[in-house]
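Peer 1: The structure is given below, and queries will be raised subsequently.
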Amino acid sequence: MQPSTPPEVMLMNRSSTDEGLQGRSSSQDQGVRVVIPSPFGVTLHATVTQTPTTVDGDLESARGTLNDKESIPEKLDPSSPVPPKDPTSASLEPPDGGLQAWLTVLGAVLVSLSTFGVVNAYGAFSDFYKTKYLSNYSATLVSMIGAVQVFVLYGLGSISGPLFDAYGPKYMIPISGAIASFALFMLSITKPEQIWQQFLTQSVLFNIGAAFGFFPALGVVAHWFKRKAAYALGCVIAGASAGGIIFPIMLHKLVPRIGFGWSVRAIAFIVLGCYSIASVTIKSRRPPKPLPPLTRIIDFRAFTDIRFALMAIGLWFNILSAFNPFFYVGLYGIVTAGESAVTPYLLAILCSTSIAGRVLPGIVADRVGRFNTITVATLVSGILSLAMWYTADSQAVVIAFAALYGFVSGPCFSLMPACVTQISPIEKVGARIGMLFGFLSTGALAGTPIGGVFIKVETRANFQHLILYTGVLGITGSVFLLAAKLKCNPRLFAVV
């Protein structure tokens, strides 16, 4: 048996082979007949035709059909190379490490320290305002300065996120730093007993600037990390805890020496320096995309994802209560044990353990599941408030509570962006994070002022009402977070 010759493609003009057919015009039915000899003795015939729509187009149709003959052998040859896939999507996958990735995290940490770190330090501002600077105003009204801070910061997240997705951090970070620093310099020249000035500078202007830096700092981490996202975001959120340590101690030490004005200016210079470094180190890996219409810039469609909706509701209940210890633990220490050398540092103690609570659980969450970790942490935070803060009757117990609460509440803040990242398309991470914080802003606005209503008269019995409110809401939030986790995976002990 002789070896068969390779198949060949032979092209013949159909008009020449079908001349004997009656009633058919060659000008109307021209095409290409493809004859493929087979090594098995079977000849395959196929005809490629192109039907013209007008007589004038016959010539061009025939030419177009015949010109296509060059590609037929290539299409029939199985050894012809396959066009390479578009490498764009692969090149945008988070590398989960590298020098530039960790430099971006460093810059994001500095932004977090300069924005949410100042917000976390409000407990120290509040103590100073209530006793000296704004002593003519009620405790509830003074606490509203801090509540409006969080409300504006969280509320603008719903706008800051889509802007970050569209433009990236290149311009947003420097602009944010300029506004935040300017606001602090303006706060340094506010007058005593003029609370509207603190509202305008500290509550509104500062947090307008902070929102356009803090949320891009969170969103850009998702460009660089996927498996280690919880750990990396935990480091960023830990920067806010560092601010909650540094700035209260600065105020406590500097105000008696150089006054409120220059103490706040010192904080403003630190913020300006941190932003200067962050503007250089933070880089984005994804190309910008068009800014959606104004009517769609707030991603309400995120709530059509039941996992996102349940998570948002659970975190809303948690935010109603989570800031109460940050704002009131120092005052509770004074009510319980009186003024002491330790009392001004209760907030710093809480924030110092919160650093570990925001970083270490991130490592655990990447292994045992982010939803699992944040659900357990929220539940334990609520139980701790009821079991330990409610019964704290000495300075030692208050110190222990501050240290433990700082640690167990850490994941409730640090894992929020990581959970959003887990259930969202990467191109919508910024918008989804912003939408979540925008939704939580209402809880942040209401939470601490409602708590302040319980302690119009600062007694331990009234504080216990505040503590019950704090603990019950925290446990309620954990129930919704568990529901979100089960919606992701119905198995109770699954890694989610």
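Peer 1: Looking at segment 393-412, which of the residues that are closer than 15 Å to T343 by Cβ and buried (at least 24 other Cβ atoms within 10 Å of the Cβ) is nearest to the chain's Cα centre (by Cα)? It would help to see each step written out before you state the result.
Peer 2: Taking segment 393-412 first, the residues closer than 15 Å to T343 by Cβ are 394-403.
Adding the requirement that they be buried (at least 24 other Cβ atoms within 10 Å of the Cβ) leaves 398, 401-402.
Numbers: V398: 33, F401: 29, A402: 27 Å.
Filtering first and then ranking leaves A402.
Peer 1: Tell me yes or no: at least one residue of segment 210-229 is within 15 Å of Y122 (Cα to Cα), part of a helix (DSSP H, G or I) and out of contact with any Asp or Glu (no Cβ under 6 Å at 6 or more places or on another chain).
Peer 2: For segment 210-229, residues within 15 Å of Y122 (Cα to Cα), part of a helix (DSSP H, G or I) and out of contact with any Asp or Glu (no Cβ under 6 Å at 6 or more places or on another chain): present.
Condition check ((1) at pLDDT below 85; (2) among the hydrophobic types (A, V, I, L, M, F, W, C); (3) out of contact with any Leu (no Cβ under 6 Å at 6 or more places or on another chain); (4) open to solvent by 40 Å² or more (accessible area, probe 1.4 Å)) across all residues:
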site: N324; (1), (2), (3), (4): no, no, yes, no
site: V342; (1), (2), (3), (4): yes, yes, yes, yes
site: L350; (1), (2), (3), (4): no, yes, yes, no
site: T353; (1), (2), (3), (4): no, no, yes, no
site: V359; (1), (2), (3), (4): yes, yes, yes, no
site: G362; (1), (2), (3), (4): yes, no, yes, no
site: G369; (1), (2), (3), (4): no, no, yes, no
site: I374; (1), (2), (3), (4): no, yes, no, no
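Peer 1: Name the residue, out of A232, A238, A211, A242, that is closer than 30 Å to T353 by Cβ, open to solvent by 20 Å² or more (accessible area, probe 1.4 Å) and within 20 Å of the chain's Cα centre (by Cα).
Peer 2: Step by step, each of A232, A238, A211, A242 is checked, and only A242 is closer than 30 Å to T353 by Cβ, open to solvent by 20 Å² or more (accessible area, probe 1.4 Å) and within 20 Å of the chain's Cα centre (by Cα).
Peer 1: Among the listed residues F463, F413, identify the single one that is more than 30 Å from H223 (Cα to Cα) and among the hydrophobic types (A, V, I, L, M, F, W, C).
Peer 2: F463
Peer 1: Give the residue, chosen from S284, S279, S263, that is crowded, with 20+ Cβ neighbours inside 10 Å, within 19 Å of V109 (Cα to Cα) and out of contact with any strand residue (DSSP E or B) (no Cβ under 7 Å at 6 or more places or on another chain).
Peer 2: The match here is S279.
Peer 1: Next up: Go through (1) touching a Leu at 6+ places or on another chain (Cβ under 7 Å); (2) surrounded by fewer than 24 Cβ atoms within 10 Å (Cβ to Cβ); (3) modelled with pLDDT of 85 or more and name the single condition G273 misses.
Peer 2: Failed condition: (1).
The values are calculated or read from the model by the stated rules, or taken from the named source; none is laboratory data. These numbers come from a predicted model, not from an experiment. Methodologically, a virtual Cβ is constructed for each residue, glycine included, from the backbone with ideal geometry; neighbour enumeration extends over all protein chains shown. Heads up: the accessible areas ignore ligands, DNA and RNA and are worked out on the full protein's heavy atoms, side chains in. Shrake-Rupley method; radii C 1.70, N 1.55, O 1.52, S 1.80 Å.
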